[in-house]
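Please treat every number below as a calculation from the coordinates, not as lab data. Since the structure is predicted, the reported quantities are computational estimates derived from the model, not experimental observations. Note that each Cβ is placed from the backbone with ideal geometry, even for glycine, and that neighbours are counted across all protein chains shown.
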Amino acid sequence: MAATAPPSPNPRPQPPAPAPIADAAPSPSPAPPAQTAMVSAPAPRPSRPAGPSQSYLSALRAQLERHKTYPPAAQRRRMEGTTTVRFTITRAGVILNARILNSSGHSMLDREVEELLQRASPLPALPPDVETEQLEIVVPISFYLR
């Protein structure tokens, strides 16, 4: 059996973390980070800052639904699925960027979601209870034949 060394009575102190390097000119204070909201999400967790109200999320969902079209070629081919998209909007409702998180499995439906965001823009302006300048939204867009 191998002998183990007894623990050191005085642990080695950790060096302090390096201080950030300051620029010659003071930089403007950064914008607060964007909040993330899911249109079909469960109630927000108490540890997170309050997000947009359900009425705002409902208005956002309604605007997207008004501008959604089911591509006729996809209907003829009986394509169905749900595309989940993440996008960032400004306080005025302008979409800054968008990215598909989960594909519907059909490029035609995924492309329609990208076009939908363009047609629906600008989205409803952020309500006063949202304290950030930008809001990140995650929303599923579904295409199902009846």
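Would you point out the residue of the stretch 48-97, among those that are among the small types (Gly, Ala, Ser) and within 15 Å of residue 127 (Cα to Cα), that is surrounded by the most Cβ atoms within 10 Å (Cβ to Cβ)? Ranking the qualifying residues of the stretch 48-97, first place goes to 51. How do the pairs read when you match residues in the stretch 62-81 that are in contact (Cβ under 8 Å) with a residue 40 or more places away in the chain with residues anywhere that are among the charged types (D, E, K, R) and surrounded by 11 or more Cβ atoms within 10 Å (Cβ to Cβ), using Cβ under 7 Å and keeping only pairs 6 or more apart or on different chains? Here the result reads 67/119; 69/112; 71/112, each pair linking the stretch 62-81 to a residue that is among the charged types (D, E, K, R) and surrounded by 11 or more Cβ atoms within 10 Å (Cβ to Cβ).
Quick grid of which residues meet (1) assigned to a strand (DSSP E or B); (2) of a type in the set (Phe, Trp, Tyr); (3) within 14 Å of the chain's Cα centre (by Cα):
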residue	(1), (2), (3)
69	no, no, no
78	no, no, no
87	yes, yes, yes
92	no, no, no
99	yes, no, yes
104	no, no, no
110	no, no, no
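For first residues located in the stretch 112-132 and at negative phi and part of a helix (DSSP H, G or I), partners that are of a type in the set (Val, Ile, Thr) and surrounded by 16 or more Cβ atoms within 10 Å (Cβ to Cβ) and lie 6+ apart or on another chain with Cβ distances below 6 Å form the pairs 113/83; 113/85; 113/141; 117/95. On inspection, residue 135 qualifies as assigned to a strand (DSSP E or B), at negative phi, surrounded by 13 or more Cβ atoms within 10 Å (Cβ to Cβ) and of a type outside the set (Val, Ile, Thr).
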